[in-house]
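Visitor: Can you read through this structure? Questions will come right after.
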Amino acid sequence: MLFRSSGRVFPAFERADAIKDKEGNIIGVIGIITDITELKRSNEVLRKSDQMLQTILDNFPGVVFWKDRESNYLGCNQSFATGAGLISPAEIVGKTDYDMPWGTTEGENYRTDDTEVMENGREKLHIIEMQHQANGNIIWFDTSKFTLRDSLGQVIGVRGVSTDITRLKTAEIKLILANKTLALQYEKTEKRAAELAIANEELLCQNDEKEKLQEELEIRVEERTL
């Protein structure tokens, strides 16, 4: 920090270079002082902007992440970091899906989707997928992935947004199982009904035979009495 003649304190970048004669002897020093007040102010604005963006992402009702061309993580929000067993989003930078709790289960599928989005240059929406969390839970996500581009429009990575649909998926699975159970019960009922129908037919046949025998006996009795 330096002082101006007005008494104002300002941040500065200082540089000193030696002045040499033809024989290479140092005969003096030249100093350069650059006022970096605007640079510091710009950096502070950028820092606050980054903090605000991270706060918004951390309060987003879902998970958010972004990666580079090699599917290395560049950032995420707190929800995603927590699911990965990390204390803060900063810890995910440089890691891959293979470093995550879901590395051996869903990691390959995630990277395949990343590659498809980056190579095709268009989004991939509503990917229904599972994810093994650091706490041992299995979460169902509805994930959409988009290209991450630089100021020139070149694809430099992929970004994704996921919504937790575990309750919905669990209810769906329970409904499917219940429908299968009902179908099996209906099949058993239909089979039992068919068996009862056959039994009734056999019973009717037996009754017919009994009636015929009864008629024959009555005829014989009548013949004997004549």
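Visitor: In the range 115-134, what residues are closer than 13 Å to PHE80 by Cα and out of contact with any helix residue (DSSP H, G or I) (no Cβ under 8 Å at 6 or more places or on another chain)?
Guide: Result: HIS132, single match.
Visitor: For SER88, indicate whether it is of a type in the set (S, T, N, Q), free of Cβ contacts under 8 Å to residues at least 60 places away in the same chain and closer than 20 Å to LYS169 by Cα.
Guide: no
Visitor: Moving on. Pairs under 8 Å by beta carbon, first residue touching a residue at least 12 places away in the same chain (Cβ under 8 Å) and over 18 Å from THR163 (Cβ atoms) in the range 122-148, partner of a type in the set (Lys, Arg) and open to solvent by less than 30 Å² (accessible area, probe 1.4 Å), six or more apart or different chains?
Guide: LEU148/LYS67
Visitor: Could you tell me which of the residues ILE176, ILE139 is at pLDDT below 95 and part of a strand (DSSP E or B)? Can you show your working first?
Guide: On the way: ILE176 fails: part of a strand (DSSP E or B).
The match here is ILE139.
Visitor: If I ask for residues that are open to solvent by 100 Å² or more (accessible area, probe 1.4 Å), at pLDDT below 70 and of a type outside the set (D, E, K, R), which ones from the range 179-226 would you list?
Guide: THR225, LEU226
The values are calculated or read from the model by the stated rules, or taken from the named source; none is laboratory data. Because the structure is predicted, anything quoted here is derived from the model rather than measured. Ideal geometry is used to build each Cβ from the backbone, glycine not excepted, and the neighbour counts take in all protein chains shown. For the accessible areas, the whole protein counts, side chains as well, though only heavy atoms, and no ligand, DNA or RNA atoms are used. Shrake-Rupley method; radii C 1.70, N 1.55, O 1.52, S 1.80 Å.
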